[in-house]
Amino acid sequence: MHVVRRTKNRLWRWRNNPLRRPEDVLEAWVVLAVWVLIAVGGTLVGILTAHAADDVFAQQRAERSPVRAVLLTDIPQGAEASAGSGGGRTTAKVRWTTPDGSTRTGTTLVDAAQQAGSTVKVWTNRQGDLTTEPPSHAVANIDAALLGTAAALALSGLAVGVGRVVRRRLDRRRIDRWGTQWDLIGPLWGHRTG
């Protein structure tokens with residue numbers, strides 16, 4: 001009995017009621033649309049974003065390959081690390097051979113405390129240009145899941161925000177209508193006391 005009553009109270013805007021205002025019906029539809037958008041739209045956007053990110057990471061793994069390069073400069077033990085490079089890594093000049101046989105030089109991140117002439121592993125794209133290491137399959141799965149979750153939460157937050165703005169405007173309309181009706185009825189009551 002208690003559960004039925006609670007359900008009726010939550011669905012009061014949908015029932016035919018002489019006190020129900022048009023704003024109440026519109027608000028009920030807005031709330032329903034927001035929840036459907038969160039449940040269905042958020043799920044779809046999250047899944048599509050995760051699949052798109054996973055495809056991009058798979059394409060990076062397919063296009064990039066490791067190549068042996070020769071370090072051209074000495075890197076002392078206490079070499080100053082580049083900002084955001086991670087612990088114990090710094091930029092240095094290297095030379096590598098591209099798939100077509102040409103030799104190139106460039107700057108990349110390498111571990112500290114190495115001598116010139118040491119062999120290091122660098123990553124190149126199909127054209128033989130230096131690039132970053134592609135994410136591993138496990139890291140790519142985690143990143144894709146995080147991006148999908150972020151996209152779903154962004155859509156849900158947008159839906160809730162728009163719903164809140166619409167409901168606030170409906171509340172303002174209800175208050176204005178109530179004030180107008182009060183202005184008409186209030187003077188009829190007068191100041192009678194019993």
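The values are calculated or read from the model by the stated rules, or taken from the named source; none is laboratory data. As the structure is a prediction and not an experimental result, all values here were calculated from the model. Every residue, glycine as well, gets a Cβ built from its backbone with ideal geometry; the counts of neighbours run over all protein chains shown. Accessible surface is based on the protein model in full, side chains and every heavy atom, while ligands, DNA and RNA are left aside. Shrake-Rupley method; radii C 1.70, N 1.55, O 1.52, S 1.80 Å.
Computed values, structure above
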{"read-out": "Contacts under 8 angstrom Cβ, first residue in region 78-101 being at positive phi, partner modelled with pLDDT of 60 or more and open to solvent by 70 Å² or more (accessible area, probe 1.4 Å), 6 or more apart", "value": "Gly88/Asp111"}
{"read-out": "Scope region 128-153; condition of a type in the set (D, E, K, R) and either within 18 Å of Gly41 (Cα to Cα) or assigned to a helix (DSSP H, G or I) (or both); matching residues", "value": "Asp143"}
{"read-out": "Counted residues, region 114-159 - those being open to solvent by less than 50 Å² (accessible area, probe 1.4 Å), farther than 30 Å from Ser102 by Cβ and in contact (Cβ under 8 Å) with a residue 12 or more places away in the chain", "value": "8"}
{"read-out": "Matching residues in region 142-163 - criterion: being more than 11 Å from the chain's Cα centre (by Cα) and closer than 16 Å to Ala33 by Cα", "value": "Leu158, Ala159, Val160, Gly161, Val162, Gly163"}
{"read-out": "Qualifying residue in region 160-171 (condition: at pLDDT below 90, open to solvent by 100 Å² or more (accessible area, probe 1.4 Å) and of a type outside the set (Val, Ile, Thr))", "value": "no"}
